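What follows is a set of notes on a single structure, which appears directly below.
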Ligand SMILES: [Zn+2]
């Protein structure tokens, strides 16, 4: 097996990223498309620079996506990234969660327990 140089590996990751961007265009719902783009950009960053740690509990985080938490009081808290557990914890105590990298932006409200996952997919998203 031939070893790839650093430049060849970056080119390979970038090609995968572009393929993921093309694949994301097939989604009709803009929030699904934006979510897919955020995920593949974060995966691309992970392969180039590695992950990070959760701003709250210091757990290892693979996909580094900045999160802004909007509170009931009107205050906001911004984190460089959160692990899944802390994200859901903050989401339960928020009125709105915003994940954004550049123009790609996803907004989520708190979960309504007892709702089916299919109810979420039909709801209109604020993402553009
Ligand atoms: Zn955490």
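Scanning segment 43-67 for residues that are within 16 Å of the ligand (Cβ to nearest atom), under 26 Å from residue 7 (Cβ atoms) and under 12 Å from the mean Cα position of the chain (by Cα) yields a total of 3.
Take the conditions at pLDDT below 95, farther than 23 Å from residue 15 by Cα and more than 13 Å from the ligand (Cβ to nearest atom) and apply them to residue 126. Does it pass? Considered against the rule, which asks whether it is at pLDDT below 95, farther than 23 Å from residue 15 by Cα and more than 13 Å from the ligand (Cβ to nearest atom), residue 126 comes out as yes. For residue 95, the conditions (1) within 16 Å of the ligand (Cβ to nearest atom); (2) over 12 Å from the mean Cα position of the chain (by Cα) all hold with the exception of (1). Could you tell me whether residue 21 is within 18 Å of residue 105 (Cα to Cα), surrounded by 13 or more Cβ atoms within 10 Å (Cβ to Cβ), within 13 Å of the chain's Cα centre (by Cα) and modelled with pLDDT under 90? For residue 21, the condition - within 18 Å of residue 105 (Cα to Cα), surrounded by 13 or more Cβ atoms within 10 Å (Cβ to Cβ), within 13 Å of the chain's Cα centre (by Cα) and modelled with pLDDT under 90 - is not met. Among the criteria (1) more than 14 Å from residue 107 (Cα to Cα); (2) in contact with a helix residue (DSSP H, G or I) (Cβ under 8 Å, 6 or more places away or on another chain), the one residue 33 does not fulfil is (1).
For segment 68-92, which residues satisfy the criterion of being within 11 Å of the ligand (Cβ to nearest atom) and either closer than 17 Å to residue 31 by Cα or part of a loop (DSSP other than H, G, I, E, B) (or both)? 81, 82, 83, listed by residue number. Within segment 47-56, one or more residues are modelled with pLDDT of 95 or more and closer than 20 Å to residue 111 by Cβ. Somewhere in segment 2-15, is a residue surrounded by 13 or more Cβ atoms within 10 Å (Cβ to Cβ) and under 15 Å from residue 102 (Cβ atoms)? No, segment 2-15 contains no residue that is surrounded by 13 or more Cβ atoms within 10 Å (Cβ to Cβ) and under 15 Å from residue 102 (Cβ atoms). Looking across segment 93-117, just one residue is without any contact (Cβ under 8 Å) to a residue 24 or more places away in the chain, over 22 Å from residue 57 (Cβ atoms) and assigned to a strand (DSSP E or B), and that is 107. In segment 49-71, the residues that are farther than 29 Å from residue 10 by Cβ and in contact (Cβ under 8 Å) with a residue 12 or more places away in the chain reach residues that are in a loop (DSSP other than H, G, I, E, B) and near the ligand (Cβ under 10 Å from one of its atoms) with C-beta atoms within less than 7 angstrom, at least six apart or across chains, in these pairs: 56/82; 57/83.
The values are calculated or read from the model by the stated rules, or taken from the named source; none is laboratory data. Everything numeric here is computed off the predicted structure, so don't read it as measured data. All Cβ positions, glycine included, derive from the backbone under ideal geometry; neighbour counts span all protein chains shown.
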